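Trainee: This is the structure, below, for whatever I ask next.
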Amino acid sequence: MSGDVTTVIRPAAVVPEAAATAIVRALSSLDVGKGGVWNASATVWQRYSGPWDGPGCTRGSAQLVGTIAVAYEMPVRHHITIYRVTVTDAGLQAGWTVDSLTDEALGYGGLTLAGCPRAELAAPPTPDPFRLRR
């Protein structure tokens, strides 16, 4: 895992409701246990090199390509926020990048990482609470 690449998405990508619904539906239909390549939960979307082919529907020969960290219902109901993406060493060796991994998932909703709406960042408080006062 020392060769993994992790990128914090700043500002976070916010997937609107219609796209979020389409993406979750697609990832569910492409589940590794059903012959697909995605293992999606409420906190991460994991992309594998192939379906899980081990005994009892375990990982078997499938290698983890990367992980997309997500928060459902953020910043508002029915939206999904993407805030961190990791591409594993195996994924890097297979030619995956943070953008290509994220674009594959977002593509099920008609989006790309570059074109995805972003979270609005609040302005820092004034005066600076960390500044020494004399």
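Trainee: Summing Lys, Arg as +1 and Asp, Glu as -1, what charge do residues with Cβ under 12 Å from the Cβ of Leu27 carry, Leu27 excluded?
Mentor: Numbers: positive: Arg25, Lys34, Arg47; negative: Asp31, Glu104.
Neighbour charge sum, excluding Leu27 itself: +1.
Trainee: Round to the nearest 0.05 the FRET efficiency obtained for Arg84 and Arg25 when R0 = 22 Å and r is the Cβ-Cβ distance. Provide the component values of the computation, followed by the final result.
Mentor: Details: r = 23 Å, r/R0 = 1.04.
My answer for the efficiency is 0.45.
Trainee: Shifting gears a bit: Given a Förster radius of 22 Å and the C-beta distance between Thr58 and Val5 as r, what FRET efficiency does 1/(1 + (r/R0)^6) yield to the nearest 0.05?
Mentor: Working: r = 26 Å, r/R0 = 1.19.
About 0.25, to the nearest 0.05.
Trainee: Given the Cα-Cα distance of Tyr72 and Ser49 and 0.36 nm per residue of separation, how much length would full extension add, in nm? Walk me through the numbers before you get to the answer.
Mentor: Values: separation 23, 0.36 × 23 = 8.28 nm, distance 2.49 nm.
Between Tyr72 and Ser49, full extension yields 5.8 nm more.
Trainee: Here is a further query. For region 7-102, which trypsin sites (Lys or Arg not before Pro) are in a loop by DSSP, counting at most 13 other Cβ atoms within 10 Å?
Mentor: Numbers: sites: Arg25, Lys34, Arg47, Arg59, Arg77, Arg84; in loops: Arg59, Arg77.
Sparse-neighbourhood loop trypsin sites (Lys or Arg not before Pro): Arg77.
Trainee: Another one. Once every DSSP H run of n ≥ 4 in the chain is given -39500 (n - 2.57) and the sum is divided by its residues, what mean residue ellipticity at 222 nm do you get, rounded to the nearest 500 deg cm²/dmol?
Mentor: It comes out at -6000 deg cm²/dmol, rounded to the nearest 500.
Trainee: Mean-square fluctuation check for the chain, GNM, Cα pairs under 10 Å: which of Ser61, Ser41, Ser28 is largest?
Mentor: Per the Cα network of the chain with a 10 Å cutoff, Ser61 tops the list.
Trainee: Of the listed values (i) 17.3, 67; (ii) 18.8, 60; (iii) 28.4, 104, identify the label whose number matches Rg and Dmax of the Cα atoms in Å calculated from this model.
Mentor: The value computed from this structure is option (i).
Trainee: Relative to the longest principal Cα axis of the chain, at what angle does helix 17-29 sit, 0 to 90 degrees, rounded to 10?
Mentor: Between the helix axis and the principal axis of the chain, the angle is about 30 degrees.
The numbers here are math on the coordinates, done by the rules we state, and not lab data. Quick caveat, the model's predicted, so the values are computed rather than measured. Backbone-built Cβ (ideal geometry, glycine too); neighbour counts: all protein chains shown.
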